[in-house]
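First comes the structure, then the notes that go with it.
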Amino acid sequence: MAFPAMAFPAMAVIAQAVNGIMMGAVYALFAVGMVLVFGVMRVLNFAHGAVFMAGGYLCWFAMAHVSPIYPVALLFSTAGGAAIGLVLERLVFRRLRENLSMQIVASLGLILMAQNGVLLLFGADALQIEAPSLRRVLRLGELGFTVQHLVILAAVAVAVASLHVFLSRSRLGIAMRAASQDIQAARVVGIAPDRVFAITFALSGALAALGGALLGPLFLVFPGMGDLPLLKGLTAIVLGGMGSVWGAVLGGLAIGLLEAEATLFAPTDYRDLVVFAALIATLLLRPRGLFGTAIRGEP
Amino acid sequence: MKAAATLLAVATAALLPVAFPGQPYMLQLATLTLCGIVPAIGLNLLFGYTGLVSLGHMGFAGVGGYAAALLMKQAGWPFLPALGSGALLAGAVGLLVGIPCLRLRSHFFIIVTLAVGLILSTLFTNLDWLTGGAEGLPGIPRPRPLAIGGVRIVLATPIGFYWVALAVTLGALLLQWAVVRSPFGSALAAIRQDETMAAARGVDVFAHKLAVFALSAGIAGAGGALQASFLRVAAPASFDLAASINLVAVVIIGGPGYLAGPVLGSIVFVALPEALRAAAQARLFVFGAVLVLLALFAPRGLLGLGTRLLRRHAAS
Amino acid sequence: MPLLEVAALRKRFGGVVALDGAGFTIDGPGIVGLIGPNGAGKTTLFDIVCGRQSADSGTIRFENRRIDGLPPHRLARLGFARSFQECRTLNEETCLDNLLFAAQDKRLGHGLRGIVAPPAQPRDAARALLATAGLERFANTPAGDLSFGQRRLVEILSTLMAAPRVLLLDEPASGVNPTLLATLAAVLREAAPRLGLLLLVIEHNMAFVMGLAARIVVMHQGAILADGTPADIRADRRVIDAYLG
């Protein structure tokens, strides 16, 4: 044993695992949206974190001004995220499919617009979503966690399961999977590529906004709230092999667990460093990620 | 023609502070622009000419910046040797990072450079005993006066330091020019355009990528050292992820793969937010919108756009 | 001592056998055609000889030296050059620069020394070579602006600029119009003896390859089916069956 058992009380490990799986579920949701867009359109949308952040604000707005019922606010944010996704695809990313470097510049521009936009609209102070019932602490023996922990796990499970059914059963979903192999393949199913792109981005935006709306009640809502999920989401899709939805889900969960458990053996400030070092170490051993196969167009 | 234009630009840059006397703020902006050009040149060689995107390049600038700061502050080294050593150390770190990472393909490599940048900036913020933590290393002394044949040039004043920065920038531009027209530069361009073909023609692709990665990290390190000694502090915020992403934007906006791309990009990136000051709170929002428009309508940066318009004009 | 000796190459992709014991020996310079129906394994064989892929088993010797498994750039420095079926040129560079790049010493050390002291470039030789193919007026045109057939010529002229010992051309005639094709044949016929070159040509255009090569190797299902002069091959019953079957 590298670490004496004394320093690792089992309870602490389990408590961190609960936190880790909860955060990992949020990362997984985030990463799935990114990997869908990357798979179908070869677009790396770095502005995905901005949509996540928008989801947090939409949720706050819905709770404060539309309906204080949290599930309604969740649906409101998810629908809003889908709309944002549609707009981003139509106005920006459809034209940048072949140009990775300009995807980066456009994303940077969109992040600046989004973060300073909410700053102008809602002010610089972080917002608190008023939902005390979600923050109520449940006890399971020595273990304590909030209601929201369970809500997040359930919502992510439902979202990923529905996505799986959509991708494997529906004609649109099958077209999306076909498009990720070869964009012309979507036509075979009888769906125009442009429509596939629009749906992909809408789905991706919906998932990102849902993530923001789920994390909002636990932490605060602020302009930079999408930054860390973006970095963790990128790490997750790379770990997962940059091509598979399940790879992204497992990658997200693995990162959530790793960073939570890392606080037990490393100072909190080094938590992210542990995650990124693990990413590099993994790629040294498996250059295409944990579940990766060759990428289209590469020898 | 080109030589004359270059000479004119250099002369203008050199005389800028004399032409605008008593405008310390303008001078400060101009010097900051120069400090931004140097690391952008490093990234331009890597990205613009070789086609490798690095999203963590200011991390290497930080290695150079902190190393130079420590040498000047603790060991009392003069400016130039400290800058050179900072650049060498950054290049060496680039070499070490490049050996494992450059074997990865395309998007994997990009994300790993992001991770490397994040790891470096985490270290800058948290290795308090070495980097001074969140405060950084303040109190870097100004360069000493330069004596050439009895003439004493004071470099500690704002104008003096502007000239120092200009000299370093011109040196980096000269190096960029020499690399680009060398056989090494042609091999890099071949790698960007068709790696398989370059290898079939005899280019050791990995060795070339490693060499340009180290060179590019070294130039970024020199930029970091220059910036730290201008601001008189090496601080983590100068070398964090946001700074790295901004650097990529500088190179892309100016025009990747153009010699003057980093210059133009840096001017736009420093000057545009200043020009938008009138828009006060909304200026970063407007700046973001400008970036999106550039991405959509100037896919090879401003210089690419200019070249295209010129060609269209010549054709009609 | 044979110049090039390929022996018992085997290569599988998943369940598909691409090469099944292919081998041949070439004693000296000259022009050799490599033909066979689609999927016979010709391009895979080229890729393995040039180091782009590695064989599962088998050996390749160049002047008695084992060269299988060497990376492409090492082979290029031994004197191997190739063109690609899909035609690869530096499309952003001018035709002249395409040729000059091919001629340049690609070793890293040489390249880095060139930063301080740029080496002389064989501009006149490159222009002269472009002229032999009637492309001198495109010397300063980016290769990407040319037609496919013209790019094909630029690609092959570039390989010649490097003065290779062994040149492998993968379907040089495909996509090239008859006029350019005649030019190409003339260029190759002149260059091969002048450079003391072994020219190995994969081709589907029978008239082109039979007129060019003194020897034809026929591949079928990953192995060598026949090997002889163009006249022998034309008369070979097995070859006709392979193409028809």
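The values are calculated or read from the model by the stated rules, or taken from the named source; none is laboratory data. Because the structure is predicted, anything quoted here is derived from the model rather than measured. Here the Cβ positions follow ideal geometry from the backbone for every residue, glycine too, while neighbour counts run over all protein chains shown.
What are the residues in region B:103-130 that are polar (S, T, N, Q) and either in contact with a His (Cβ under 9 Å, 6 or more places away or on another chain) or surrounded by 23 or more Cβ atoms within 10 Å (Cβ to Cβ) (or both), if any?
Within region B:103-130, B:THR113, B:SER121 qualify.
Taking region A:262-278 on its own, how many of its residues are within 7 Å of chain B (Cβ to nearest Cβ) and closer than 19 Å to A:ILE14 by Cα?
0
Out of B:ARG312, B:ARG277, B:ARG308, B:ARG300, which single residue is within 11 Å of chain A (Cβ to nearest Cβ) and more than 16 Å from A:LEU108 (Cβ to Cβ)?
Step by step, each of B:ARG312, B:ARG277, B:ARG308, B:ARG300 is checked, and only B:ARG300 is within 11 Å of chain A (Cβ to nearest Cβ) and more than 16 Å from A:LEU108 (Cβ to Cβ).
Against the definition (within 14 Å of chain B (Cβ to nearest Cβ), under 22 Å from the mean Cα position of the chain (by Cα), modelled with pLDDT under 95 and surrounded by 17 or more Cβ atoms within 10 Å (Cβ to Cβ)), how does C:ARG52 come out, yes or no?
yes
Helices (runs of 4 or more DSSP H) wholly in region A:175-260 with at least 3 residues that are farther than 13 Å from A:PHE52 by Cβ and within 15 Å of the chain's Cα centre (by Cα) - which ones?
A:193-215, A:227-239
I'd like the residue in region A:79-116 that is more than 8 Å from every other protein chain (Cβ to nearest Cβ) and either touching a strand residue (DSSP E or B) at 6+ places or on another chain (Cβ under 7 Å) or not in a helix (DSSP H, G or I) (or both) and, out of all such residues, is surrounded by the fewest Cβ atoms within 10 Å (Cβ to Cβ).
A:GLU98
Where in region B:223-316 are the helices (runs of 4 or more DSSP H), entirely inside, with at least 3 residues that are surrounded by fewer than 22 Cβ atoms within 10 Å (Cβ to Cβ) and of a type in the set (Lys, Arg)?
Once the helices (runs of 4 or more DSSP H) in region B:223-316 are filtered for at least 3 residues that are surrounded by fewer than 22 Cβ atoms within 10 Å (Cβ to Cβ) and of a type in the set (Lys, Arg), what remains is B:301-315.
Test of understanding: among C:ARG107, C:ARG65, which residue is within 14 Å of chain B (Cβ to nearest Cβ) and among the basic types (Lys, Arg)?
Being within 14 Å of chain B (Cβ to nearest Cβ) and among the basic types (Lys, Arg) holds for just one of C:ARG107, C:ARG65, which is C:ARG107.
Which is more than 14 Å from chain C (Cβ to nearest Cβ) and either without any contact (Cβ under 8 Å) to a residue 24 or more places away in the chain or among the hydrophobic types (A, V, I, L, M, F, W, C) (or both), of B:ILE267, B:ILE219, B:ILE191?
Exactly one of B:ILE267, B:ILE219, B:ILE191 is more than 14 Å from chain C (Cβ to nearest Cβ) and either without any contact (Cβ under 8 Å) to a residue 24 or more places away in the chain or among the hydrophobic types (A, V, I, L, M, F, W, C) (or both), namely B:ILE267.
Across region B:240-250, what is the total count of residues that are more than 12 Å from B:GLY36 (Cα to Cα), in contact (Cβ under 8 Å) with a residue 12 or more places away in the chain and not acidic (Asp, Glu)?
Of the residues in region B:240-250, 2 are more than 12 Å from B:GLY36 (Cα to Cα), in contact (Cβ under 8 Å) with a residue 12 or more places away in the chain and not acidic (Asp, Glu).
Test of understanding: among C:THR183, C:THR229, which residue is among the hydroxyl-bearing types (Ser, Thr, Tyr) and in contact with a strand residue (DSSP E or B) (Cβ under 7 Å, 6 or more places away or on another chain)?
C:THR229
Name the one entry in C:LEU168, C:LEU188, C:LEU180, C:LEU184 that is over 26 Å from C:LEU4 (Cα atoms) and either out of contact with any Asp or Glu (no Cβ under 8 Å at 6 or more places or on another chain) or among the basic types (Lys, Arg) (or both).
C:LEU180
Tell me the residue from A:VAL137, A:VAL147 that is in contact with a strand residue (DSSP E or B) (Cβ under 6 Å, 6 or more places away or on another chain), more than 7 Å from chain B (Cβ to nearest Cβ) and free of Cβ contacts under 8 Å to residues at least 60 places away in the same chain, please.
A:VAL137
Restricting region B:178-188 to residues that are touching a residue at least 24 places away in the same chain (Cβ under 8 Å) and within 20 Å of the chain's Cα centre (by Cα), which is surrounded by the fewest Cβ atoms within 10 Å (Cβ to Cβ)?
Among those residues, the one meeting the criterion is B:VAL180.
Sort out which residues of region C:180-200 are under 13 Å from C:ILE26 (Cβ atoms) and in a loop (DSSP other than H, G, I, E, B), and write them in order of number.
C:LEU197
Could you please tell me which pairs satisfy a Cβ distance under 9 Å, a separation of 6+ or placement on different chains, a first residue in region B:194-214 that is touching a residue at least 24 places away in the same chain (Cβ under 8 Å) and more than 7 Å from every other protein chain (Cβ to nearest Cβ), and a second residue that is aromatic (Phe, Trp, Tyr) and in a helix (DSSP H, G or I)?
As it stands, the answer is B:VAL212/B:TYR49; B:VAL212/B:PHE184, since those pairs meet every condition given.
Here is a check on your reading of the model: is B:VAL168 facing chain C (nearest Cβ under 8 Å), under 23 Å from B:VAL248 (Cβ atoms) and buried (at least 19 other Cβ atoms within 10 Å of the Cβ)?
no
What residue, among those in region A:117-134 that are part of a helix (DSSP H, G or I) and out of contact with any Ser or Thr (no Cβ under 9 Å at 6 or more places or on another chain), is farthest from the other protein chains (Cβ to nearest Cβ)?
Checked region A:117-134; the qualifying residue farthest from the other protein chains (Cβ to nearest Cβ) is A:SER133.
Contact list please: Cβ distance under 8 Å, first residue in region A:82-96 and over 13 Å from A:HIS48 (Cα atoms), second residue outside any helix (DSSP H, G or I), pairs at least six apart or on different chains.
A:LEU96/A:VAL43
Go through region B:1-43 and give me each residue that's over 17 Å from B:SER106 (Cα atoms) and within 14 Å of the chain's Cα centre (by Cα).
Correct list: B:THR31, B:LEU32, B:THR33, B:LEU34, B:CYS35, B:GLY36, B:ILE37, B:VAL38, B:PRO39, B:ALA40, B:ILE41, B:GLY42.
How about region A:17-59: which of its residues are surrounded by fewer than 24 Cβ atoms within 10 Å (Cβ to Cβ), over 12 Å from the mean Cα position of the chain (by Cα) and outside any helix (DSSP H, G or I)?
A:ARG42, A:LEU44
Return the total of residues in region B:171-188 being in a helix (DSSP H, G or I) and facing chain C (nearest Cβ under 7 Å).
Looking only at that region, the number is 7.
For residues that are under 27 Å from A:GLY252 (Cβ atoms) and surrounded by fewer than 18 Cβ atoms within 10 Å (Cβ to Cβ), tally how many sit in region A:183-214.
Adding up the residues that qualify gives 2.
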